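The values are calculated or read from the model by the stated rules, or taken from the named source; none is laboratory data. Bear in mind the structure is a predicted one, so any value in this text is a computation, not a measurement. Counting neighbours? That spans all protein chains shown, and the Cβs are built from the backbone with ideal geometry, glycine included.
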């Protein structure tokens, strides 16, 4: 039968009976809203001409080498 992937009487049942698990560690903190995060990255990348990601990553090292050549 086309268009039937399960009856509507079962809709939402699994989520209701699944126990709630609290977020821990890195996921416990709420994330910044995209507008604030993008503004911070823009200032870092464009205005200050720094690498926007993690400071010690391989990409940050490449960026440092490339900016020293200019």
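When residue 9 is tested against the conditions (1) over 22 Å from the mean Cα position of the chain (by Cα); (2) in a helix (DSSP H, G or I); (3) at pLDDT 85 or above, the lone failure is (3). Mind listing just one residue for me: the one in segment 37-70 that is assigned to a helix (DSSP H, G or I) and surrounded by fewer than 10 Cβ atoms within 10 Å (Cβ to Cβ) and, of those, farthest from the chain's Cα centre (by Cα)? Per the criteria, the residue is 69.
With part of a loop (DSSP other than H, G, I, E, B), modelled with pLDDT under 90 and either out of contact with any helix residue (DSSP H, G or I) (no Cβ under 6 Å at 6 or more places or on another chain) or surrounded by fewer than 10 Cβ atoms within 10 Å (Cβ to Cβ) (or both) as the only criterion, which of 20, 31 stands out?
Criteria check complete, one pass: 31.
Taking every residue in segment 25-44 that is without any contact (Cβ under 8 Å) to a residue 12 or more places away in the chain and pairing it with any residue that is in a loop (DSSP other than H, G, I, E, B) and surrounded by 11 or more Cβ atoms within 10 Å (Cβ to Cβ), at least 6 positions away or on another chain, the pairs with Cβ-Cβ distances below 6 Å are 41/52; 44/50; 44/52.
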